[in-house]
Amino acid sequence: MKAVIKLSVVLLLASALLAQTATPKKKVSKPKPVNADVQALKDAVAAQQEQIQALSQQLQQTNQQLQVTNQQFQQTQQQLQQAAADAQQKANAVADSAAPKDAVDRLNSEYADVRTTLTNNALTEQDQQKRFSGLEETLGRFRWTGDMRVRGESFFQK
(Lines give C-alpha, C1' and ligand atoms only; values in the text may rest on other atoms or scores of the structure.)
Protein backbone atom coordinates (compact mmCIF):
# COMPACT_ATOMS: atom_id res chain seq x y z
CA MET A 1 0.00 0.00 0.00
CA LYS A 2 2.90 2.32 0.71
CA ALA A 3 4.19 1.65 -2.76
CA VAL A 4 0.87 2.67 -4.27
CA ILE A 5 0.82 5.89 -2.23
CA LYS A 6 4.41 6.64 -3.22
CA LEU A 7 3.58 5.99 -6.83
CA SER A 8 0.51 8.22 -6.59
CA VAL A 9 2.55 11.03 -5.01
CA VAL A 10 5.23 10.71 -7.71
CA LEU A 11 2.60 10.81 -10.47
CA LEU A 12 0.90 13.78 -8.84
CA LEU A 13 4.19 15.68 -8.53
CA ALA A 14 5.18 14.80 -12.10
CA SER A 15 1.87 16.01 -13.48
CA ALA A 16 2.13 19.22 -11.45
CA LEU A 17 5.65 19.78 -12.74
CA LEU A 18 4.57 19.07 -16.27
CA ALA A 19 1.64 21.48 -15.92
CA GLN A 20 3.95 24.26 -14.70
CA THR A 21 6.53 23.84 -17.46
CA ALA A 22 4.22 23.30 -20.39
CA THR A 23 3.07 26.51 -22.11
CA PRO A 24 -0.47 26.26 -23.26
CA LYS A 25 -1.17 27.53 -26.75
CA LYS A 26 -3.32 30.57 -26.74
CA LYS A 27 -6.07 30.82 -29.20
CA VAL A 28 -5.35 33.67 -31.56
CA SER A 29 -8.60 35.26 -32.43
CA LYS A 30 -8.62 36.45 -35.96
CA PRO A 31 -10.37 39.72 -36.58
CA LYS A 32 -13.80 39.11 -37.90
CA PRO A 33 -14.36 40.30 -41.41
CA VAL A 34 -16.08 43.65 -41.49
CA ASN A 35 -16.98 43.55 -45.14
CA ALA A 36 -20.55 44.61 -44.48
CA ASP A 37 -19.45 47.64 -42.46
CA VAL A 38 -16.81 48.61 -44.99
CA GLN A 39 -19.30 48.24 -47.82
CA ALA A 40 -21.82 50.36 -45.94
CA LEU A 41 -19.20 53.08 -45.48
CA LYS A 42 -18.22 52.87 -49.14
CA ASP A 43 -21.87 53.22 -50.12
CA ALA A 44 -22.26 56.20 -47.80
CA VAL A 45 -19.18 57.88 -49.27
CA ALA A 46 -20.42 57.20 -52.80
CA ALA A 47 -23.81 58.72 -51.92
CA GLN A 48 -22.11 61.78 -50.48
CA GLN A 49 -19.98 62.15 -53.58
CA GLU A 50 -23.11 62.01 -55.72
CA GLN A 51 -24.69 64.69 -53.55
CA ILE A 52 -21.57 66.83 -53.89
CA GLN A 53 -21.66 66.44 -57.66
CA ALA A 54 -25.36 67.31 -57.74
CA LEU A 55 -24.76 70.41 -55.64
CA SER A 56 -21.82 71.42 -57.83
CA GLN A 57 -23.95 71.05 -60.94
CA GLN A 58 -26.75 73.03 -59.31
CA LEU A 59 -24.28 75.77 -58.39
CA GLN A 60 -22.94 75.86 -61.95
CA GLN A 61 -26.46 76.06 -63.35
CA THR A 62 -27.29 78.84 -60.92
CA ASN A 63 -24.15 80.73 -61.94
CA GLN A 64 -25.05 80.31 -65.60
CA GLN A 65 -28.58 81.53 -64.95
CA LEU A 66 -27.18 84.49 -63.04
CA GLN A 67 -24.88 85.36 -65.93
CA VAL A 68 -27.71 85.07 -68.46
CA THR A 69 -29.99 87.16 -66.29
CA ASN A 70 -27.25 89.74 -65.79
CA GLN A 71 -26.70 89.96 -69.55
CA GLN A 72 -30.43 90.31 -70.15
CA PHE A 73 -30.58 93.01 -67.50
CA GLN A 74 -27.72 94.93 -69.10
CA GLN A 75 -29.31 94.65 -72.53
CA THR A 76 -32.68 95.75 -71.20
CA GLN A 77 -31.09 98.59 -69.31
CA GLN A 78 -29.26 99.77 -72.45
CA GLN A 79 -32.45 99.54 -74.49
CA LEU A 80 -34.42 101.44 -71.90
CA GLN A 81 -31.74 104.09 -71.58
CA GLN A 82 -31.73 104.46 -75.34
CA ALA A 83 -35.53 104.67 -75.35
CA ALA A 84 -35.41 107.23 -72.54
CA ALA A 85 -32.83 109.28 -74.41
CA ASP A 86 -34.95 109.09 -77.59
CA ALA A 87 -38.05 110.10 -75.67
CA GLN A 88 -36.18 113.01 -74.09
CA GLN A 89 -34.92 114.13 -77.48
CA LYS A 90 -38.42 113.94 -78.89
CA ALA A 91 -39.78 115.84 -75.92
CA ASN A 92 -37.15 118.51 -76.35
CA ALA A 93 -37.77 118.70 -80.10
CA VAL A 94 -41.49 119.03 -79.54
CA ALA A 95 -40.99 121.61 -76.81
CA ASP A 96 -38.69 123.65 -79.07
CA SER A 97 -41.08 123.56 -81.96
CA ALA A 98 -44.38 125.25 -81.99
CA ALA A 99 -46.19 122.01 -81.24
CA PRO A 100 -49.25 122.08 -79.07
CA LYS A 101 -48.88 121.67 -75.33
CA ASP A 102 -50.72 118.30 -75.33
CA ALA A 103 -48.04 116.63 -77.47
CA VAL A 104 -45.32 117.84 -75.13
CA ASP A 105 -47.24 116.64 -72.10
CA ARG A 106 -47.81 113.27 -73.73
CA LEU A 107 -44.11 112.88 -74.55
CA ASN A 108 -43.15 113.90 -71.04
CA SER A 109 -45.61 111.32 -69.75
CA GLU A 110 -44.05 108.65 -71.99
CA TYR A 111 -40.61 109.70 -70.80
CA ALA A 112 -41.74 109.36 -67.18
CA ASP A 113 -43.24 105.92 -67.97
CA VAL A 114 -40.01 104.78 -69.59
CA ARG A 115 -38.03 106.00 -66.58
CA THR A 116 -40.41 104.23 -64.20
CA THR A 117 -40.10 101.02 -66.20
CA LEU A 118 -36.33 101.35 -66.21
CA THR A 119 -36.27 101.84 -62.45
CA ASN A 120 -38.64 98.91 -61.84
CA ASN A 121 -36.56 96.62 -64.06
CA ALA A 122 -33.38 97.69 -62.29
CA LEU A 123 -34.92 96.97 -58.87
CA THR A 124 -36.26 93.60 -60.03
CA GLU A 125 -32.86 92.65 -61.40
CA GLN A 126 -31.16 93.69 -58.18
CA ASP A 127 -33.58 91.52 -56.19
CA GLN A 128 -32.82 88.56 -58.45
CA GLN A 129 -29.10 89.14 -58.10
CA LYS A 130 -29.45 89.23 -54.32
CA ARG A 131 -31.32 85.91 -54.35
CA PHE A 132 -28.73 84.27 -56.56
CA SER A 133 -25.94 85.73 -54.47
CA GLY A 134 -27.58 84.35 -51.33
CA LEU A 135 -27.84 80.89 -52.85
CA GLU A 136 -24.29 81.04 -54.14
CA GLU A 137 -23.09 82.24 -50.73
CA THR A 138 -24.95 79.41 -48.99
CA LEU A 139 -23.55 76.73 -51.28
CA GLY A 140 -20.12 78.35 -51.25
CA ARG A 141 -19.72 77.71 -47.51
CA PHE A 142 -19.18 74.02 -48.05
CA ARG A 143 -15.60 72.91 -48.44
CA TRP A 144 -15.27 69.36 -49.67
CA THR A 145 -11.79 68.45 -48.52
CA GLY A 146 -10.27 66.15 -45.95
CA ASP A 147 -9.67 62.49 -45.41
CA MET A 148 -11.57 59.58 -43.97
CA ARG A 149 -10.16 56.84 -41.82
CA VAL A 150 -11.89 53.56 -41.18
CA ARG A 151 -10.80 51.17 -38.48
CA GLY A 152 -12.18 47.73 -37.96
CA GLU A 153 -12.09 46.73 -34.31
CA SER A 154 -13.96 44.04 -32.48
CA PHE A 155 -15.47 45.18 -29.22
CA PHE A 156 -16.80 41.78 -28.29
CA GLN A 157 -14.57 39.63 -26.13
CA LYS A 158 -14.96 35.88 -25.97
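Points worth noting:
- Hits in the range 40-63 - residues which are of a type in the set (S, T, N, Q), within 12 Å of the chain's Cα centre (by Cα) and open to solvent by less than 90 Å² (accessible area, probe 1.4 Å): Ser56, Gln58
- Being surrounded by 10 or more Cβ atoms within 10 Å (Cβ to Cβ), touching a Ser or Thr at 6+ places or on another chain (Cβ under 7 Å), modelled with pLDDT of 70 or more and part of a helix (DSSP H, G or I) is a property that Leu66 lacks.
- None of Phe142, Phe156, Phe132 is in a loop (DSSP other than H, G, I, E, B) and either of a type in the set (Gly, Ala, Ser) or touching a residue at least 12 places away in the same chain (Cβ under 8 Å) (or both) except Phe142.
- Residues (within 12 Å of Gln77 (Cβ to Cβ) and touching a helix residue (DSSP H, G or I) at 6+ places or on another chain (Cβ under 8 Å)) located in the range 116-138: Thr117, Leu118, Asn121, Ala122, Glu125
- Check on Lys101, open to solvent by 70 Å² or more (accessible area, probe 1.4 Å), touching a Ser or Thr at 6+ places or on another chain (Cβ under 8 Å), among the basic types (Lys, Arg) and at pLDDT below 90: no
- Glu125 within 31 Å of the chain's Cα centre (by Cα), surrounded by 13 or more Cβ atoms within 10 Å (Cβ to Cβ) and closer than 26 Å to Gln82 by Cα: yes
The values are calculated or read from the model by the stated rules, or taken from the named source; none is laboratory data. Not measured: the values here are computed from a predicted model. Quick reminder, even Gly has a Cβ in these numbers, built from the backbone with ideal geometry, and neighbours come from all protein chains shown. These accessible areas exclude ligands, DNA and RNA; they are computed on the full protein's heavy atoms, side chains included. Shrake-Rupley method; radii C 1.70, N 1.55, O 1.52, S 1.80 Å.
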